[in-house]
Amino acid sequence: MAPGRSIPVGLLIVAALLSAACAAPLASQGVGDTAAHHYAIGMKFIESNELDRAEEEFKHAQALDPKYAPASEGLGLVALARRDLDAAEKNFDAAKSKDGKYVGAYLGLARVYAARGDLDRARREAEAAVRLEPRNVRAHLVLGQVLLKAYDFTRAEASFARALELDPTSAEARREWDRSVKIRQAAPGTLVGKKIALADPITRGDLAALLATELGIENQLRRRRPEIFDVSFRPPGERAATSERPVPTDIAENWARNAIELVLRLNLMELYPDRTFRPDEPVARAGFAATLEQVLVVVTNDPTLKTRHVGQQTPFPDVRSDHFAFNAAVVTTTRGLLEAERPSGAFRLANPVSGPEALLAMRKLAELF
């Protein structure tokens, strides 16, 4: 080569790639120092969310055996946990290129595409995994989760049922199957309802949207109590309003603003004392029961419902009869809107409300009207 003549950049890149490809694997330091061992340890760190330690183990596995597909899958899982979808996709693709029949690579890609909202590609990857290993519980679980996101609730339930059939001890399969059954029973009829079906927990904004759309509360009230839409109407004994109804200060940019304004106008939900609605606040069973009770009061025009069970002996081992939500808990359980825990009979006031639970309650509430 002539003095002073530089090497083209392209040749340097090719040389670097060839050097990396031909690099010798890391020498094992003992019988147990294997790629499979470090992969297994890395997966335990994934479960405990120790991502740095997991990454270290997967990189060690990859150094021991550069062609070991699970090592690339593990690095993809670390990237996925860090929400770095590009890095995750790159590593899952690498795993697939190393072993075209490695199910973990397909499931990883399915999760990446689902996170990006590309549900068709996600479904294809998950279905390919099921074809490769029809008895793989994880494959059926991931396929079911993708189908749920696509609102294909019937097929999702079937996937979770198959996972549970393959492993009756799987808590995740049981939980997902239970959730899909509740969604099917609730039969969400609106796009909003389908989206909220996947929420866990629901928020106050979600609850307002369910009342406005899935329950169709405005139509229910126009049919049963048209007088409340007459601006001149005042319940007996109530003075004419002297000021405007307080306007919530925190919903102007919220997706459920119209629904929130509706339920406030119909007196189905309330503002906090600081005039906030807090649409992103999770809904607990105590507050949910109180809202369902208030809907019944407004629809039936029976305010005595709010005190009907005051002074009675509590049927719940975890709710005192002087608790503010006691009456609402009794009202909603005796009417089948909510259920107490079995077999303990506890109501669990502080437990968050899931989308399926809220939808099912709306469906049962509509049946009462």
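Quick notes on this one:
- Matching option when the condition is part of a helix (DSSP H, G or I), within 28 Å of Asp93 (Cα to Cα), outside the structural domain of Asp93 (by TED's automatic domain parsing) and free of Cβ contacts under 8 Å to residues at least 12 places away in the same chain, among Arg123, Arg131: Arg131
- Filtered residues of the stretch 315-369 (kept if crowded, with 20+ Cβ neighbours inside 10 Å, of a type in the set (Phe, Trp, Tyr) and in a loop (DSSP other than H, G, I, E, B)): Phe316, Phe347
- Hey, Thr276 at pLDDT 95 or above, surrounded by fewer than 17 Cβ atoms within 10 Å (Cβ to Cβ), assigned by TED's automatic domain parsing to the domain that holds Ala346 and not aromatic (Phe, Trp, Tyr) or not: yes
- Qualifying residue in the stretch 200-211 (condition: in contact with a helix residue (DSSP H, G or I) (Cβ under 7 Å, 6 or more places away or on another chain), of a type in the set (Lys, Arg) and not assigned by TED's automatic domain parsing to the domain that holds Leu75): no
- Thr169 meets all of the listed conditions (1) buried (at least 21 other Cβ atoms within 10 Å of the Cβ); (2) farther than 21 Å from Leu75 by Cβ; (3) β-branched (Val, Ile, Thr) but one, namely (1).
- Failed item, numbered, when Val146 is tested on (1) part of a helix (DSSP H, G or I); (2) among the β-branched types (Val, Ile, Thr); (3) more than 15 Å from the chain's Cα centre (by Cα): (3)
- Any hit, the stretch 63-81, residues being outside any helix (DSSP H, G or I), within 32 Å of the chain's Cα centre (by Cα), surrounded by fewer than 16 Cβ atoms within 10 Å (Cβ to Cβ) and without any contact (Cβ under 8 Å) to a residue 60 or more places away in the chain: no
The values are calculated or read from the model by the stated rules, or taken from the named source; none is laboratory data. Here the structure is a predicted model, which means the values were calculated and not measured. Virtual Cβ from ideal backbone geometry, glycine too; neighbours counted across all protein chains shown.
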